[in-house]
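*Asks:* First the structure, which I've put down as structure tokens, then a few questions once you've had a look.
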Amino acid sequence: MDARILIREFNEDRDVEEVESLERESETWPRKGVSIFTNMMRDPLCRIRLYPNHVMLVAELVNNGELVGVVRGCIKHVGTGIEETNIKMCCILGLRVSSKHRQVTKRQGIGLKLVESVEGWATENGSEYIFLAAEENNIASANLFLKCNYRKLSSLIIYSQPIDSHTREKSFNDIRIEKLSIEQAISLYKDRLGSKLFFPVDIDAILNEKLSLGTWVSFFKEEDWISLHSKEKSMDFTSRTPSSWVVVSIWKTCEAYKLEMRRQHSLSFLYATLAKVFPCLRKPVYELLCRPFGFLFLYGLYGEGERLGELMKSMWSFACNLAGSLDCKMISTEVGACDPLKEHIPRGISMSCVNDDWFFKKANGPSNGDDNTWKMSKCDATLFVDPRDF
């Protein structure tokens, strides 16, 4: 607290409406002529509630009690990308500062105070490192993070595909898609991704969560995955895979929060803009403007073999069909900029891409150039994106 600003913990009984108002005025994925906002469906804690150890802080003006900023934090154990070592990490999410106070806050440092406060909470709770992300073109956030002694760890890309009948019509007769049991999915992920960067130690909790629709594998019918349905416990299906295969898990983000579109210009201008941004969304414009829409998030993407292109296309089409059956208007995923599977994600004219930068620092001070805790600058590395953070 200083003479003008109080940083305190979020109060569910009296802060919900003001926090929702802050979220509504903060663009999630800004595009020319169209603003996309997060609709928390009256649960501002939805992105961190699934973590046992979490916090939400608000910035309040002392003179009138108005909320002018918010930030969230959660703690988890993740892999470092070096063998099977893991660390306790705090993830900072949803940093927002009121737009009408943004020019004033450059002098008051509301964003800085929020970040420093959640960092203090992280240190008190035993975090070894602190991590956060921002869109590549969000210069203000990047400058704030660098001011707080964060270092860029990695770059990722968010792919978003609107759903319509065209994206759902494709069929792949020579490919089989099978749903794994939760036990099989845990076993496969630990075997293949257990040593990867940001792999969550509590992967079993993620796959058992009700928001997780399941995990599927895709492979060619000509090469059956013989051990996949074996009843013999001694048969390890992770070591007897087809020559080419892909695995994907799907998260019902639509049940945690939704997105909203709003126009920034005239309705005629918006028609033209939407046709360029989301040409596959053939719904009337007023429906997109007035009604929040849900989406599915694809996570745990991984594949092996030389024929990944067709397998990824089949899995992408499968996810589109699943999203359509659940009345979702979009599917999204996030992969590392150097992830080899990135090249096999189907790209259509309706797909949008957002570049994301991930930053980190030591909880007890700035990270120096000799920090070897993380496996960085490896273009062959696969990053695991936790669906609870998206």
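The values are calculated or read from the model by the stated rules, or taken from the named source; none is laboratory data. All of these numbers come straight from a predicted model, not from anything done at the bench. For neighbour counting, all protein chains shown are included, and Cβ atoms are generated from backbone atoms with ideal geometry for every residue, glycine included. Please note that ligands, DNA and RNA were not included when accessible areas were found on the heavy atoms of the full protein model with its side chains. Shrake-Rupley method; radii C 1.70, N 1.55, O 1.52, S 1.80 Å.
*Asks:* Search region 195-219 for residues that are modelled with pLDDT of 95 or more and pair each with any residue that is charged (D, E, K, R) and open to solvent by less than 10 Å² (accessible area, probe 1.4 Å) when their beta-carbon atoms are under 8 Å apart and the residues are at least 6 apart or on different chains.
*Replies:* P200/D386; I206/D386
*Asks:* Restricting the search to region 180-202, which residues are of a type in the set (A, V, I, L, M) and either over 12 Å from V78 (Cα atoms) or surrounded by fewer than 20 Cβ atoms within 10 Å (Cβ to Cβ) (or both)?
*Replies:* Those that are of a type in the set (A, V, I, L, M) and either over 12 Å from V78 (Cα atoms) or surrounded by fewer than 20 Cβ atoms within 10 Å (Cβ to Cβ) (or both): L180, I182, A185, I186, L188, V201.
*Asks:* Within region 245-262, which residues are touching a Pro at 6+ places or on another chain (Cβ under 7 Å), under 15 Å from E23 (Cα atoms) and either surrounded by 22 or more Cβ atoms within 10 Å (Cβ to Cβ) or not charged (D, E, K, R) (or both)?
*Replies:* L259
*Asks:* Residues that are in a helix (DSSP H, G or I) and either more than 13 Å from G300 (Cβ to Cβ) or among the hydrophobic types (A, V, I, L, M, F, W, C) (or both): does region 192-199 have at least one? Working first, answer last.
*Replies:* So in region 192-199, the residues in a helix (DSSP H, G or I) come out as 192-193.
Now restrict to residues that are either more than 13 Å from G300 (Cβ to Cβ) or among the hydrophobic types (A, V, I, L, M, F, W, C) (or both): 193.
Yes - at least one qualifying residue is present in region 192-199.
*Asks:* Kindly indicate the residue of region 3-19 that is modelled with pLDDT of 90 or more and surrounded by fewer than 16 Cβ atoms within 10 Å (Cβ to Cβ) and also farthest from M40 (Cα to Cα) among those meeting that condition.
*Replies:* Among those residues, the one meeting the criterion is L6.
*Asks:* Please determine whether any residue of region 313-323 is open to solvent by 10 Å² or more (accessible area, probe 1.4 Å), within 20 Å of the chain's Cα centre (by Cα), modelled with pLDDT of 90 or more and under 18 Å from S155 (Cβ atoms).
*Replies:* no
*Asks:* Another question about this same structure. Is there any pair linking a residue in region 333-349 that is part of a helix (DSSP H, G or I) to one that is buried (at least 16 other Cβ atoms within 10 Å of the Cβ) and among the polar types (S, T, N, Q), with Cβ under 8 Å and at least six apart or on different chains, and which?
*Replies:* P340/T382; L341/T382
*Asks:* Moving on to the next point. Looking at region 187-206 only, could you name the residues that are among the hydrophobic types (A, V, I, L, M, F, W, C) and more than 20 Å from the chain's Cα centre (by Cα)? Reasoning before the result, please.
*Replies:* To start, the set of residues in region 187-206 that are among the hydrophobic types (A, V, I, L, M, F, W, C) comprises 188, 193, 197-199, 201, 203, 205-206.
Scanning region 187-206 gives a single hit, L188.
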